Structure formats: structure tokens, C-alpha cells
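What follows is a single structure, written as C-alpha cells, with notes after it.
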Amino acid sequence: MKILVINAGSSSLKYQLIDMATEKAVAKGGCERIGLEGSFLKHKANGKEVIIEKPMPNHQVAVQLVLDALVDKDYGAISSMKEIDAVGHRVVHSGEDFNCSVRITPEVLETIASNTELAPLHQPANITGINACRAIMPDTPMVAVFDTAFHSTMPDYAYMYGVPYEAYKNYKIRRYGFHGSSHLFVSDEAAKYLGKPKEELKIVTCHLGNGSSISAVDGGKCVDTSMGFTPLAGVPMGTRSGDIDPAIVEFLETKTGMTTAEVINYLNKKSGMAGISGVSSDFRDLAAAMEQGNDRARLALDMFAYATKKYVGAYAAAMGGIDCLVFTAGIGENDGYIREKVTDGLSFLGVEIDKAENKIRTGEIHDITAKGGRVKVLVIPTNEELVIARDTARLSK
Ligand code: AMP
């Protein structure tokens with residue numbers, strides 16, 4: 001069985017064709033600059049990588065180019081489109097309407113569209129991607145896999161904000177959480193690696209990438225997560241502020257003359273590591289700048305590690321303990337310095353890492369627990385596409 005996984009953004013479309021027999025991608029790539037000048041498709045399959053520069057006025061043209069690439073005799077991965085058994089779509093927001101992945105029907109699409117105001121930047125792009133695929137492959141089963149779904153098990157006292165209840169009832173204002181497929185994948189992988197049923201484990205998963213979120217996973221279920229109503233909440237990120245006092249928004253408006261929308265953009269695009277350091281949002285650049293004595297780069301990294309450490313402690317408290325701490329995503333998988341700083345001083349919780357092991361990068365599940373450390377500390381490469389493919393395969397049979 002082969003599943004095409006689609007992650008559509010407003011001007012981009014990433015894809016992987018996954019063979020479920022091996023659970024490996026047989027082709028992957030992405031379209032960039034859809035609807036803009038200079039659009040191109042980068043495609044990898046069959047041991048080859050090609051860049052195809054063609055106009056892509058919309059997502060439907062992009063999807064057609066992806067399908068053409070997949071069946072190409074030279075750099076394709078399949079002989080005909082019929083080999084694609086189903087398509088799995090990454091969809092950002094389920095609202096409170098779905099707590100798991102779902103087969104796409106016209107009614108489901110309508111419900112997804114009804115949650116657009118909860119994710120105004122991402123949801124329309126996701127819907128466009130779904131519609132483009134349905135237009136070209138009307139008979140192929142399609143499944144929506146939501147970024148928020150894994151977090152739907154949070155108890156009410158964890159997802160509610162301290163605002164009047166009517167704001168929740170009338171406007172759906174609550175914590176939703178994001179990166180759900182990643183937190184699900186790495187917590188399941190951790191349980192498998194430890195050879196224990198997930199029902200018996202309390203795991204804190206740290207998805208640390210350009211966007212970062214931390215989750216408390218108790219017995220295989222998410223019980224709390226650091227992102228909130230939007231992905232702006234939680235730890236400071238590449239360009240996002242993370243948690244701030246909400247009164248800062250109006251204060252900034254008054255001081256700078258920015259509109260509310262401009263302040264929100266400032267908090268999403270100009271803040272976090274980039275805004276604090278004045279150097280970059282990329283942790284590799286920050287590490288290099290710090291080594292050269294840049295104190296604001298040092299400050300940004302210290303703030304990130306401190307905020308992440310606080311969530312680890314908070315979630316250990318929320319679950320009444322912790323058996324396993326997982327690091328994943330671009331920073332979590334690659335940045336030993338950040339892992340060391342996050343875990344430093346957590347021996348009171350039983351979290352201790354082997355500093356030599358922590359410096360080694362394997363690209364696979366890597367146990368960096370110190371000898372005698374009570375809490376297993378694991379580096380686990382995430383694979384959100386595989387979660388989408390697995391759910392799509394299950395729901396399209
Ligand atoms: P992601 O959003 O998961 O793709 O993560 C992207 C981020 O991971 C980049 O912006 C970098 O900050 C970080 N990253 C990637 N590779 C490395 C590395 N080798 N060392 C430190 N940080 C890295």
C-alpha cells in the first residue's frame with residue numbers, strides 16, 4: 001500500500017510517498033512559490049534529485065506537477081497514479097470537532113472550513129491542498145490528520161484559560177496545542193524503545209524546532225502542552241515570543257503606534273531568538289555568535305533552555321513524576337548544547353545525561369541517560385509524515 005502525504009502551506013506544498021510495507025518514503029519533495037513568480041518543484045526519488053522550474057499559478061497545478069514527477073520514468077517512484085492508494089493531509093486545526101484523524105467527506109471539509117478562524121494562516125492553505133487533490137484524484141480516499149488532535153485528551157483544568165467561561169463557550173477560546181503528530185510519534189517510539197506499555201509511562205516530550213512545544217504524556221495520552229490557543233504560546237521560539245503578559249500587547253500599541261495586527265505580527269515574526277539576539281532565528285548561528293562573544297546570542301539561548309527546563313519541571317509535577325524525557329525536531333535532535341542546558345540541574349527529578357553520549361549524533365533513537373539515571377533521556381527523530389500515513393492507511397481500508 002502506498003500513501004501520499006501532503007502538507008500544504010499558503011505558497012508551498014510538501015509531499016512524501018510512503019510505502020506502508022516498509023514505512024519508508026519512496027519519494028519526497030516540495031513545491032515552493034506557488035502563486036508567485038519563480039515557482040519550482042524539488043523532487044527526490046529513485047536515487048535522483050531534480051528541480052523542475054514551472055509556473056504554478058495555484059495548488060492544483062502544483063499537485064499535478066507532483067503526480068507527474070511521481071510517475072516519471074526517469075526520476076519517478078511509481079508507474080501510474082493508480083498505485084497511490086490514499087492521500088493523507090496534514091490539517092492544522094480540528095477545533096473541538098475531531099479528536100482523531102478522519103476520512104474526508106464534503107461534510108468533514110465543511111467542518112474543517114468552519115474552524116478557519118482558529119488558524120487563519122494555515123487552515124485555508126490546508127483546505128486548498130485537499131481540494132486540489134480531490135479535483136485531480138476524485139476516487140482516491142483522503143484522510144485529514146490534525147496537528148491538534150493528540151492534545152484533545154487534555155483535562156478541562158489544563159486546557160481552560162482564566163478568562164470568563166463565556167469566552168470559551170461563545171468563541172472556543174482555550175488551549176488546543178500543536179505538533180500533535182510529533183508528540184504522539186516520539187512518545188510511542190519511546191515506549192517501544194523502553195519495552196514498556198505506554199499506559200505505564202509518564203513522558204515529557206520536547207519538540208524543539210523552529211516552532212517548539214513541550215507536552216506531558218501520561219499513559220499514552222496528552223495531559224498538557226505548552227502551545228495554546230495558537231502556536232504563539234509556550235517557550236520563546238525562532239521568531240515567536242512564546243508566553244508573555246497579555247497586557248504587553250496594548251502597551252506596545254500605545255508606545256509604538258502599531259496596530260493590534262502589527263503587534264501580533266511582531267510577536268510571531270520578529271521576536272523569540274531572532275528578536276532577542278538580533279543575530280538569527282537559527283540555533284547554529286546563535287551558537288556561533290555566542291562563541292564569538294555575542295552576549296545577546298548567549299541570552300537568547302539561555303532563555304530558551306530555561307523556559308524549556310521550567311516546562312519539564314511543571315509537567316513532572318502535573319503527572320506526579322516522570323519516567324522518560326524525549327528530545328525531538330531540528331534543535332532537540334541536533335543541539336547537544338541545548339539538551340545539556342535543559343537537563344542541567346534536574347537531577348533532583350532523576351534526570352541526568354551522559355555528557356559524552358549527548359555529543360554524539362546518530363540520526364536514530366539515542367539513549368543519552370547517565371549511568372544510574374532514573375529517568376530515561378532519549379533523542380528520537382520525529383516522523384510526522386509517518387503518523388499521517390499510518391492513520392491514512394488505517395482509515396482508507
Ligand atoms: P525544525 O523546525 O524541526 O525543522 O527545526 C529547524 C531548526 O533546528 C533550525 O532553525 C535550527 O535552529 C535547528 N537546527 C537544525 N540543525 C541543527 C544543528 N545541527 N544544530 C543546532 N540546531 C540545529
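General observations
- Residue count, the stretch 279-307 (criterion: exposed (fewer than 13 other Cβ atoms within 10 Å of the Cβ) and in a loop (DSSP other than H, G, I, E, B)): 2
- Among the candidates V108, V145, V163, residue that is modelled with pLDDT of 95 or more and either under 15 Å from V5 (Cα atoms) or in contact with a Phe, Trp or Tyr (Cβ under 7 Å, 6 or more places away or on another chain) (or both): V145
- The set of residues in the stretch 38-56 that are modelled with pLDDT of 95 or more and open to solvent by 90 Å² or more (accessible area, probe 1.4 Å) comprises K42, K44, E49, I51, E53, K54, P55.
- Residues of the stretch 141-163 that are farther than 18 Å from F98 by Cα and open to solvent by less than 30 Å² (accessible area, probe 1.4 Å): P141, A158.
- Subset of the stretch 183-235 [charged (D, E, K, R) and within 16 Å of V312 (Cβ to Cβ)]: K202, D218, D224
- Among residues of the stretch 286-344 being among the charged types (D, E, K, R) and within 11 Å of the ligand (Cβ to nearest atom), the one that is nearest to A190 (Cα to Cα) is E333.
- The lone exception for H366 - which of (1) more than 13 Å from the ligand (Cβ to nearest atom); (2) closer than 25 Å to D243 by Cβ it fails: (2)
- Applying the criterion of at least 2 residues that are within 16 Å of the ligand (Cβ to nearest atom) and open to solvent by less than 70 Å² (accessible area, probe 1.4 Å) to the strands (runs of 3 or more DSSP E) found wholly in the stretch 200-278 leaves 202-208, 212-218.
Here's the yes/no breakdown for (1) crowded, with 19+ Cβ neighbours inside 10 Å; (2) basic (K, R); (3) assigned to a helix (DSSP H, G or I); (4) more than 25 Å from the chain's Cα centre (by Cα):
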position	(1), (2), (3), (4)
V108	no, no, yes, no
A113	no, no, yes, no
L121	no, no, no, no
I130	yes, no, yes, no
D139	no, no, no, yes
Y176	yes, no, no, no
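- The single condition among (1) under 30 Å from T140 (Cα atoms); (2) of a type in the set (D, E, K, R); (3) touching a Pro at 6+ places or on another chain (Cβ under 8 Å) that R394 does not satisfy is (3).
- Residue check, Y176 of a type in the set (F, W, Y), touching a helix residue (DSSP H, G or I) at 6+ places or on another chain (Cβ under 7 Å) and more than 16 Å from the ligand (Cβ to nearest atom): yes
The values are calculated or read from the model by the stated rules, or taken from the named source; none is laboratory data. Since the model is a prediction, treat every value here as computed from it, not as a measurement. Note: ideal-geometry Cβ built from the backbone for every residue, glycine included; neighbour counts use all protein chains shown. Only protein heavy atoms, including side chains, enter the accessible area calculation; ligands, DNA and RNA are left aside. Shrake-Rupley method; radii C 1.70, N 1.55, O 1.52, S 1.80 Å.
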